[in-house]
Structure formats: structure tokens, C-alpha cells
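The values are calculated or read from the model by the stated rules, or taken from the named source; none is laboratory data. A quick note: this is a predicted structure, and the numbers were derived from the prediction, not measured. Note that we place each Cβ from the backbone using ideal geometry, even for glycine, and neighbour counts take in every protein chain shown. Areas reflect the complete protein model, heavy atoms only, side chains present, ligands, DNA and RNA absent. Shrake-Rupley method; radii C 1.70, N 1.55, O 1.52, S 1.80 Å.
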Amino acid sequence: MKKILNVISSPRGGNSSSIQLAQTVIDRLMAVYPGSTVKTIDLVKRKFPPLEEAHLTSFFTPAEQHTENDKEAIRHSDEAIRDIMEADILLIGAPMYNFGIHSALKAWIDHIVRAGVTFSYSDKGAEGLVKGKKVYLILSSGGVYSEGSGKAVDFVEPYLRMILGFIGLTDVTTVRVEGMAIPGLQEKAMEKAKEGIII
């Protein structure tokens with residue numbers, strides 16, 4: 001039995017390829033780990049705020065010195081990190097927008113990457129503090145970016161792998177549905193993506 005955290009960053013709802021593909025991964029995980037639970041966070045609806053001075057001040061102020069304003073400012077970050085720490089498996093849905101991730105996903109990342117909480121610095125450099133979890137990146141795109149000329153302008157998978165690895169999440173599997181805007185590819189793109197899922 002596993003605790004699965006499903007993070008959505010697509011604003012397209014039921015029409016979203018990344019949401020549909022994530023559900024297929026969840027269904028297969030549930031088959032492998034019967035009795036598992038799923039918590040879904042829709043970042044577009046939940047709206048993590050962009051980092052402002054109040055957030056940064058609260059991050060670097062010791063908890064025992066927090067004012068009520070600090071507690072409110074840090075609440076989003078604390079809740080997001082708690083969700084990650086409680087999960088065994090993370091699914092992160094990331095459709096490509098303008099060669100990068102949706103702003104809602106970037107805002108969430110800014111709240112979970114916190115010095116002293118999800119990573120630390122020492123004389124040996126940075127160390128990720130989030131350990132022992134499996135991550136599935138559920139990527140979708142209109143073009144093809146896993147190979148060929150498109151690979152050079154894929155700023156989704158490399159960035160996500162780097163920033164997740166920075167906080168200790170290094171067991172990462174990528175599942176892609178791509179070519180969704182290309183005639184001749186779009187018709188079988190989802191079927192191909194589902195065939196490539198490895199649990």
C-alpha cells in the first residue's frame with residue numbers, strides 16, 4: 001500500500017493529455033499496490049502565490065520567532081512540503097508551454113525548495129533532504145521533444161529532473177505523450193504513451 005501524490009499543472013481539465021496520462025499511471029500503480037491512496041493537488045485551482053518578500057522573510061526566520069504574518073506567509077510552503085514528505089510516490093503532471101513549465105508549477109516548486117527543510121548546505125555543498133520516494137514526470141507536448149531537433153529546446157524534463165534531484169528526489173521516471181499537435185502522430189500519441197509506462 002502506497003501514498004500517491006498527484007500534482008496537476010494543466011488548466012485544461014478533462015481535456016488535458018497530462019491529466020489523462022497521469023490517471024493511467026495511477027490506475028497501474030493501484031493494480032500493483034492495492035489499497036493505495038491518492039491525493040490530488042490541482043495547482044491551477046489551488047494557486048500557490050509567486051514568492052514575495054513576506055514569503056522569503058518567513059522562510060529564513062526561525063519558527064519560534066514567527067509572527068502571525070509569517071505563519072500565514074509560510075503556510076503554503078509548509079502544506080506543500082508536508083504533502084511531499086507524507087507521499088511514497090509523486091506524479092507531477094507538466095504540459096509544455098512555450099518550451100517550459102506552467103507558471104503554477106513553477107510557483108509550487110518555489111514553495112517546496114527551501115533551505116534547511118528540503119535541502120541543506122554544508123562544506124561539501126548542497127544535499128537534498130527528501131529521500132526514498134519515487135517520482136513519475138507526466139509530460140505532454142504538441143511537438144516531439146524527446147528526440148531529434150526538438151530535444152535541444154526541451155526545458156521541461158531537464159529542469160524538473162535537476163530541481164527535484166536538488167532536493168533529493170532522484171528516482172525519476174518520465175512518461176511522455178507528445179506530438180499531440182502533429183497530424184499523423186496525434187492519433188496514436190496517447191496509445192504510444194500508455195504502452196511506454198513502466199511501473
**Request:** Check off (1) exposed (fewer than 13 other Cβ atoms within 10 Å of the Cβ); (2) part of a loop (DSSP other than H, G, I, E, B) for residue 69 and give me the number that stays unchecked.
**Result:** (2)
**Complete:** Counting only residues in the stretch 106-127 that are touching a residue at least 12 places away in the same chain (Cβ under 8 Å) and in a strand (DSSP E or B), the one surrounded by the most Cβ atoms within 10 Å (Cβ to Cβ) is identified as 119
**Asked** Hey, among 60, 99, which residue is of a type in the set (Phe, Trp, Tyr), surrounded by fewer than 17 Cβ atoms within 10 Å (Cβ to Cβ) and more than 20 Å from residue 137 (Cβ to Cβ)?
**Response** 60
**Request:** Within the stretch 128-135, identify whether any single residue is modelled with pLDDT of 95 or more, under 18 Å from residue 171 (Cβ atoms), open to solvent by 40 Å² or more (accessible area, probe 1.4 Å) and part of a strand (DSSP E or B), and answer yes or no.
**Result:** yes
**Residue tally, condition open to solvent by 10 Å² or more (accessible area, probe 1.4 Å) and in contact (Cβ under 8 Å) with a residue 60 or more places away in the chain, over the stretch 7-25** = 7
**Item:** Every pair of residues 6+ apart whose Cβ atoms lie under 9 Å, when the first sits in the stretch 146-157 and is at negative phi and part of a helix (DSSP H, G or I) while the second is among the hydrophobic types (A, V, I, L, M, F, W, C) and open to solvent by 50 Å² or more (accessible area, probe 1.4 Å)
**Value:** 153/99
**Complete:** Just one listed residue, out of 106, 45, 2, is closer than 30 Å to residue 152 by Cα and of a type in the set (D, E, K, R), and it is 106
**Sole exception among (1) at pLDDT below 95; (2) in contact with a Phe, Trp or Tyr (Cβ under 7 Å, 6 or more places away or on another chain) for residue 14, by number** = (2)
**Prompt:** Which of the residues spanning the stretch 1-33 are charged (D, E, K, R), under 16 Å from residue 44 (Cα atoms) and in a helix (DSSP H, G or I)?
**Reply:** none
**Prompt:** So how many residues does the stretch 42-55 have that are open to solvent by less than 80 Å² (accessible area, probe 1.4 Å) and assigned to a helix (DSSP H, G or I)?
**Reply:** 4
**Item:** residue 180 vs. criteria assigned to a loop (DSSP other than H, G, I, E, B) and either without any contact (Cβ under 8 Å) to a residue 40 or more places away in the chain or among the hydrophobic types (A, V, I, L, M, F, W, C) (or both)
**Value:** yes
